[in-house]
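One structure is given here, and the rest of the page talks about it.
The values are calculated or read from the model by the stated rules, or taken from the named source; none is laboratory data. Just so we're clear, the structure is a prediction, and the values are computed from it rather than from any experiment. All Cβ positions, even for glycine, are placed from backbone atoms using ideal geometry, and neighbour counts span all protein chains on display. Keep in mind that these areas ignore ligands, DNA and RNA; they rest on the heavy atoms of the full protein, side chains included. Shrake-Rupley method; radii C 1.70, N 1.55, O 1.52, S 1.80 Å.
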Amino acid sequence: MKGMIFSMKNNNYEVRKNFPKNFYWGGAVAANQCEGAYLEDGKQMSTADIKARGFFGGIKRDAEYYPTHKAIDFYHSYVEDLKLLGDAGFNIFRTSINWTRIYPTGEEDMPNESGLKFYDNMFKECIKNGMTVMVTISHYETPLALVEKYGGWYNRKYIDFYMKFVKTIVERYKGIVSYWLPFNEIGNVAVTPICWDAAAIHPDSENLLQKMYQAAHNQFVASALATKLIRETDPNALVGGMIAYKTVYPHTCNPVDVVACENEKRKEYFFSDVQVRGYYPSYIWKFFNDNNITIEMERGDEEIIRCHTLDFISFSYYRSRVASSEYVEPGEIDMNTIEGISNPYLPKTNWGWSIDPDGLMLALMDLYDRYQKPLFVSENGLGTIDKVEADGSINDDYRIEYMKLHIQAMKRAVEQGVDLFGYTMWGPIDIVSNGTGQMSKRYGIIYVDLDDDGNGTGKRIKKKSYDWYRKVIQSNGDNLD
Ligand code: BG6
C-alpha cells in the first residue's frame, strides 16, 4: 500500500558491524610457487616443473629456465619467512603439500619420509608463530610421472593415487592441520589453459571438453572421499571447497546478454553446486548433451558425492568479468592477461585484470545466498610491479588501496549477514606467478629480491603494506587507514 511505512523492531537480530571476533587474517601460497628445491630430498617433477615463463608458461621440456625450480627457496628459508608473517600478526597460513615430495612419482607404496619431515617442521614453525594451518591438498602440482603414464585426471586411476597421498598426509598431520582444501580452484579443470594446472590435461588434447568434465567428475569423487577420510581421521578438522570466483556481469541490459551472463555463472557454479549440494544440478545435463559429453560414473559415485559434502566454501577473488550473447572485441591484451571483454567502469592492473571490490561483495552475497555455508576468502590481492627506492623502501600505496577496498567490501557483506570467517591474501611474500612465471608480478607485503630470470640476492624486505596489514589485523579490520 502506497505511503504506508512498516516498522519492525529487530529485537532478536543485531546487524553485525565488524568482522567476527575470531576472524582469520593471513596469507596463502602454493608449494610449487614458493618452495623451489624441486629435486631435493627425493622430490621429483610435477606438472608445475615443466612450465616455462610467459602466458601460462607453455608446457615445455627444453626451456632454458623454469621458475618453480628455484622459486623463492622457501624450502630453505621458511623459518625466517614464517617469522616475518607471524610478526605481522597472521593467525592463519595457507599452503599446499607438494605431492611429489611425498610420493615422488605418485606410484610408490611408501611415502618419502624426508618430504613428510619438511612439512612436520614447517607446520611446527607456523604454529610456533601463532598461525593455524590450512592446507590445499592439490594445488597445480600433479606428479609428472603419473601424467606420462596415465594422461590427466580424466583417467580414473588418479582417484587411488590421490587417496593414497591424502591418507598419508591426513594421518601424519592430524591435529596440526585445521582446514583442508582437497583441490585448488576445482573449476579450472574446465578452463584452458589452466586445465594443465588443475587436471594435468594438455590444452592441445583431443576431445578436450570431454576430458575436462570427466576429470571434474573424478575430482568430485576424490574430493568427497578425502572429506570422508578427513572426518574419520580428525573430527576436529574442517574441509572446504576452493573455487575461482569471478563475478560476471552482462555486457548490456539486453535480456539476451543477461541470459548469456546466467549461463556463464552456471558454468562456474556447477562445481560448487555438486560439492555443496551433493548432486549434479539439473541444468548441466543439457550442456553435456549439447557438447557430446558423457560422464563415466561407477556404481556408488553418486552416493559418495551425496554423503560427503563440504563444511565451508573458500574461493579466490581477483577480478570480475563480462558476458555477452555475441562476440565483442576483447579488451587490451596487455602483459599476458586473460582479460576478456573489457569493463569500461573498472580500472585495471598492469596485467589487465579489472579491479572490482564490489565484485567481491557480490561474490560473498551470491555464494552465501545460494548455499548458506560459511565462507572464506582464500586468495585475493594485487599482482603488480614494485620499485625499491634508493633508500631501500618500497612504497606500495596502490596495494594498500587495493586491499583496503576489498576488506571494506568484505565488511559490507558481513553487515548483510554473510558468514565470512577468514581472509588470506595471496602471496604475502612475493612468489612466482602461476600464470606467467614472472617474479615481477608481485602480490606480497614482503619483497623478495629476485628478478624474472631468478637473479638476485633473495633478500626479504618489508614493504609499506607490511605495517599497514599488521595494523589491520591488530584491529580486526577496523583500522584500514
Ligand atoms: C590463483 C591460483 O588462480 O591465482 C594461484 O590459485 C595464482 O596459484 C593466483 O598464483 C594468481 O595468479 P597469477 O597468475 O598472478 O600468479
Filtered residues of the range 134-150 (kept if out of contact with any helix residue (DSSP H, G or I) (no Cβ under 8 Å at 6 or more places or on another chain) and either within 16 Å of the ligand (Cβ to nearest atom) or at positive phi (or both)): Met134, Thr136
Listing of strands (runs of 3 or more DSSP E) fully contained in the range 167-250 that carry 3 or more residues being within 15 Å of the ligand (Cβ to nearest atom) and in contact (Cβ under 8 Å) with a residue 12 or more places away in the chain: 177-183, 238-244
Residue in the range 90-106 that is without any contact (Cβ under 8 Å) to a residue 12 or more places away in the chain and surrounded by fewer than 18 Cβ atoms within 10 Å (Cβ to Cβ) present: no
Cross-chain or 6+ apart pairs with Cβ under 6 Å, the range 381-401 first and in contact (Cβ under 8 Å) with a residue 12 or more places away in the chain and under 11 Å from Lys462 (Cα atoms), then away from the ligand (no atom under 14 Å from the Cβ) and open to solvent by 80 Å² or more (accessible area, probe 1.4 Å): Asn395/Lys464; Asp396/Lys464
Only one of Gly352, Gly359, Gly381 that is within 14 Å of the ligand (Cβ to nearest atom), open to solvent by less than 10 Å² (accessible area, probe 1.4 Å) and out of contact with any strand residue (DSSP E or B) (no Cβ under 6 Å at 6 or more places or on another chain): Gly352
Some residue of the range 392-399 being open to solvent by 20 Å² or more (accessible area, probe 1.4 Å), over 24 Å from Pro347 (Cα atoms) and at pLDDT 95 or above: yes
Among the residues listed as Ser272, Ser282, Ser325, Ser314, the single one being in a loop (DSSP other than H, G, I, E, B) and either surrounded by 15 or more Cβ atoms within 10 Å (Cβ to Cβ) or of a type in the set (D, E, K, R) (or both): Ser325
In the range 396-431, the residues that are within 12 Å of the ligand (Cβ to nearest atom) and either over 13 Å from Ala28 (Cα atoms) or assigned to a strand (DSSP E or B) (or both): Thr424, Met425, Trp426
Subset tally (residues that are open to solvent by less than 10 Å² (accessible area, probe 1.4 Å) and in contact with a His (Cβ under 8 Å, 6 or more places away or on another chain)) for the range 224-256: 2
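Just for the range 148-160: of the residues that are more than 22 Å from the chain's Cα centre (by Cα) and assigned to a helix (DSSP H, G or I), which one is farthest from Glu298 (Cα to Cα)?
Let us first name the residues in the range 148-160 that are more than 22 Å from the chain's Cα centre (by Cα), namely 148-151, 155-157, 160.
Right, trim to assigned to a helix (DSSP H, G or I) and you get 148-150, 157, 160.
Details: Glu148: 24, Lys149: 22, Tyr150: 19, Lys157: 12, Asp160: 14 Å.
Checking each candidate, the answer is Glu148.
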Among (1) surrounded by fewer than 14 Cβ atoms within 10 Å (Cβ to Cβ); (2) without any contact (Cβ under 8 Å) to a residue 60 or more places away in the chain; (3) in contact with a helix residue (DSSP H, G or I) (Cβ under 8 Å, 6 or more places away or on another chain), the one test that Pro344 misses: (3)
Hits in the range 28-64 (condition: loosely packed, with under 14 Cβ neighbours inside 10 Å and farther than 20 Å from Thr142 by Cα): Glu64
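Looking only at the range 464-480, which residues are open to solvent by less than 50 Å² (accessible area, probe 1.4 Å), in a loop (DSSP other than H, G, I, E, B) and out of contact with any helix residue (DSSP H, G or I) (no Cβ under 7 Å at 6 or more places or on another chain)?
If we filter the range 464-480 for residues that are open to solvent by less than 50 Å² (accessible area, probe 1.4 Å), which is where we start, we get 465-466, 468-469, 472-473, 475-477, 480.
After this cut, where a residue has to be in a loop (DSSP other than H, G, I, E, B) as well, the list is 475-477, 480.
Ser475, Asn476 - these are the residues of the range 464-480 that are open to solvent by less than 50 Å² (accessible area, probe 1.4 Å), in a loop (DSSP other than H, G, I, E, B) and out of contact with any helix residue (DSSP H, G or I) (no Cβ under 7 Å at 6 or more places or on another chain).
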Residue list for the range 199-212, restricted to those being open to solvent by less than 10 Å² (accessible area, probe 1.4 Å) and on the phi < 0 side of the Ramachandran plot: Ala199, Ile201, Met212
Residue within the range 106-129 that is within 16 Å of the ligand (Cβ to nearest atom) and either modelled with pLDDT of 95 or more or assigned to a helix (DSSP H, G or I) (or both) present: no
Residues being over 13 Å from Tyr179 (Cα atoms) and surrounded by fewer than 21 Cβ atoms within 10 Å (Cβ to Cβ) - total across the range 120-139: 8
